[in-house]
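Q: Got a structure for you, questions after.
The values are calculated or read from the model by the stated rules, or taken from the named source; none is laboratory data. Not measured: the values here are computed from a predicted model. Don't worry about glycine lacking a Cβ; one is built from the backbone with ideal geometry, like all the others, and counts go over all protein chains shown.
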Amino acid sequence: MEENKKSIESIDEYISSCPPEVQEVLETLRKVIKEAAPEATEKISYQMPTFYLYGNLVHFANFKNHIGFYPTPSGTETFKQELSKYKTSKGAIQFQKNEPIPYELISRMVKYRVVENIKKAEEKATKKKK
């Protein structure tokens, strides 16, 4: 049992727990997300770095051979064409560590998710008023 396994409580802690050669990539990814969603807050959710704005916006994580990026199913579906060269599943994308990370694409995906989450929050607020 891994009952003694310490849970990570911040993105800083998560990144510093990763191998040094990956830390710079994760910090750049974090910066790109922050710039695309400056109002979003950082937290750890599902033991992954998470950006939150009216709900979970995006997650990312380090794995042995790839960086996982999780923009929800709508995020992967909307950018399906541009993501065709990457391994994807319903709400996840794998960026191989031996290839350049498409930061500009990630930025656009995050901005898309910001608009989506704001719209959902506004719709929810409108329903509550009725």
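Q: Might you let me know whether the range 22-40 holds any residue that is farther than 18 Å from Pro102 by Cα, at pLDDT 95 or above and touching a helix residue (DSSP H, G or I) at 6+ places or on another chain (Cβ under 9 Å)?
A: Checked the range 22-40: at least one residue is farther than 18 Å from Pro102 by Cα, at pLDDT 95 or above and touching a helix residue (DSSP H, G or I) at 6+ places or on another chain (Cβ under 9 Å).
Q: For Asn98, work out the one condition from (1) more than 27 Å from Lys124 (Cα to Cα); (2) surrounded by 12 or more Cβ atoms within 10 Å (Cβ to Cβ); (3) at pLDDT below 95 it doesn't fulfil.
A: (2)
Q: Mind listing whichever residues of the range 90-106 are closer than 21 Å to Ile11 by Cβ and in a loop (DSSP other than H, G, I, E, B)?
A: Gly91, Lys97, Ile101, Pro102
Q: Next question. How do the pairs read when you match residues in the range 42-54 that are under 16 Å from Val114 (Cβ atoms) with residues anywhere that are hydrophobic (A, V, I, L, M, F, W, C) and surrounded by fewer than 18 Cβ atoms within 10 Å (Cβ to Cβ), using Cβ under 7 Å and keeping only pairs 6 or more apart or on different chains?
A: Pairs found: Thr50/Ile44; Tyr54/Ile118; Tyr54/Ala121.
Q: Another question, if that's okay. Of the residues in the range 71-93, how many are surrounded by fewer than 16 Cβ atoms within 10 Å (Cβ to Cβ) and either in contact with a Phe, Trp or Tyr (Cβ under 9 Å, 6 or more places away or on another chain) or among the charged types (D, E, K, R) (or both)?
A: Matching residues across the range 71-93 total 7.
Q: Hey, can you tell me all the residues within the range 109-126 that are surrounded by fewer than 16 Cβ atoms within 10 Å (Cβ to Cβ) and touching a residue at least 60 places away in the same chain (Cβ under 8 Å)?
A: Lys111, Ile118, Lys120, Ala121
Q: I've got another one for you. Restricting the search to the range 70-89, which residues are part of a loop (DSSP other than H, G, I, E, B) and farther than 14 Å from His59 by Cβ?
A: Phe79, Lys80, Gln81, Glu82, Leu83, Ser84, Lys85, Tyr86
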